[in-house]
1. What is the list of residues in region 104-139 whose amide nitrogen lies under 19 Å from a point 7 angstrom out from the Cα of ASN149, following Cα to Cβ?
2. Please tell me the relative contact order of region 219-368 in percent, rounded to the nearest whole number, where contacts are Cα pairs under 8 Å and at least six residues apart.
3. With θ set to phi - 60° and the Karplus curve 6.51 cos²θ - 1.76 cosθ + 1.60, what are the ³J(HN,Hα) couplings of region 158-164 in order, to the nearest whole Hz, using x for Gly and Pro?
4. So for region 182-224, Kirkwood radius off the Cα pairs, Stokes-Einstein at 4 °C and 1.567 mPa s: how many µm² s⁻¹?
5. If you build a Gaussian network model of the chain, linking Cα atoms that sit under 10 Å apart, which residue out of VAL347, VAL244, VAL88 swings the most?
6. For the chain, what is the largest minus smallest coordinate of the Cα atoms on each principal axis, given in angstrom and ordered from greatest to least?
7. Please work out the average accessible area per residue across the chain, using the 1.4 Å probe convention, and give it in Å².
8. Can you list the HN-Hα couplings for region 257-267, worked out from phi with the Karplus curve (6.51, -1.76, 1.60; θ = phi - 60°), rounded to whole Hz and with x for Gly and Pro?
Amino acid sequence: MLTAKLKDGSLISMADSWSFEQLIEMRKDVLFYCPCCTSELQLKIGLKKQWHFAHKKNALCTIQGEPESLYHLKGKKQLYEWLKNQGVKVALEVYLPLIRQRPDILFKVGSQLYALEYQCSPIDHSQLEKRMRGYEQLGIIPIWIFGGNRLKRLGANIFSIKSFEWYANTIQKSSSPTIHYYCSEQSKWQSLYHTTPYSSTKYLASLIETSPSLFPLSNLLRQPTYSLPSYEHWLFIKKNWRYVQPTPYPSKTQRFFQQLLYYHHLSPSQFPIEAGWPSSSHCLIETSPHIWQSYLLFACLLQKPLHQPITLTSIQACFLRKELHRWLKLRPSYHPSLIEDAILGYVTFLTEIGFLKEISNKPKTYVRQRDLEVPKSTEEAIKLDRQLANLCSDQIFAK
């Protein structure tokens with residue numbers, strides 16, 4: 001930690017301007033205490049590492065979380081200084097006794113308090129939710145910044161994002177948020193915009209790197225308008241799905257998908273052209289969209305003859321059968337009822353491409369206008385995917 005309490009109750013911070021000589025002298029005859037548990041602390045100073053306070057060996061502090069790395073301490077200090085330069089009221093490591101939590105940084109904009117959490121290591125979902133509830137209890141808005149050491153790039157626009165990183169940024173915001181990282185070694189912001197998941201950990205996103213001097217506080221406080229990812233990028237994802245070879249030891253989800261397609265005399269690469277597309281709220285479901293959307297098409301929509309009415313409620317009821325939960329996975333911490341939002345988003349997509357037609361709004365009722373477009377080969381599938389992507393792009397520009 002960077003702050004400690006003195007015997008008279010005042011606070012001392014290693015984020016302030018101290019010389020090495022001053023701290024050497026101070027350490028000789030001044031005692032430092034933990035602001036949370038009041039146990040005695042050690043002042044750690046050196047010529048190369050970030051100066052900080054630490055509990056003595058075997059000390060028990062109920063507030064102390066995971067051990068802070070030097071990377072974390074350095075970044076916390078830099079973020080504190082960055083906020084000071086933004087001209088806001090800011091305090092470092094303030095202990096909040098009512099909820100027994102100590103955010104890395106507490107700052108105020110107008111009458112609103114914000115807690116900035118700089119997370120450089122994994123955190124359990126239950127612990128994350130506990131912190132969220134605590135801040136909500138006090139009317140404090142949490143902002144989660146992740147260490148740049150956590151940013152994992154897999155391709156030009158493909159990133160690996162852990163579920164807790166995604167959840168921390170969606171619980172109070174949009175379902176496709178901007179996720180901010182800060183690298184304390186390179187002193188720069190790394191922001192992922194328009195994050196769109198297509199598997200449990202893989203996401204399409206746009207990365208923008210910014211120096212602290214060019215990164216305004218408003219970037220943290222406001223979410224940019226979300227738009228679906230480029231269809232050109234998404235075609236790359238669909239192509240990968242079509243070329244994936246069956247594994248000898250498939251998961252429950254993979255085994256179910258293979259059985260679903262084999263029942264319809266199709267190989268895994270021949271899943272319908274209409275399946276596997278980004279749609280509103282599809283990110284609430286962790287299972288890849290080409291799998292759950294194929295199921296919805298085959299098991300729910302194709303069971304109804306052409307031009308026969310089918311309500312949204314009946315589509316959702318069909319999709320949410322009990323056996324579904326053997327293979328379908330939701331993203332952690334989302335309520336199962338949100339699956340209905342994902343279904344509505346996909347049904348809306350099918351309406352936009354002309355597969356369905358809405359004939360009534362109350363209740364929402366549709367008719368199927370044509371049969372599925374099932375490719376005869378992987379090569380034909382890739383060609384038809386592009387044709388549909390071009391159609392979707394033309395519709396977007398026409399709006």
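1. Answer for region 104-139: 104-105, 117-124.
2. On the way: 146 pairs, mean separation 37.0, N = 150.
Answer for region 219-368 is 25 percent.
3. Couplings: 10, 9, 9, 10, 6, 4, 6 Hz.
4. Values: Rh = 11.7 Å.
Answer, rounded: 110 µm²/s.
5. Checking each option, the largest mean-square fluctuation is seen for VAL244.
6. For the chain, the Cα extents along the three principal axes come out at 85, 46, 37 Å.
7. Heavy-atom accessible area per residue stands at 50 Å².
8. So the Karplus estimates, Gly and Pro as x, are 5, 4, 5, 4, 6, 4, 4, 9, 6, 10, 8 Hz.
The values are calculated or read from the model by the stated rules, or taken from the named source; none is laboratory data. Only a predicted model underlies this, so the values are computations on that prediction, with no experimental measurement involved. Here the Cβ is made from the backbone with ideal geometry for all residues, glycine too, and neighbour counts use every protein chain on show. Only protein heavy atoms, including side chains, enter the accessible area calculation; ligands, DNA and RNA are left aside. Shrake-Rupley method; radii C 1.70, N 1.55, O 1.52, S 1.80 Å.
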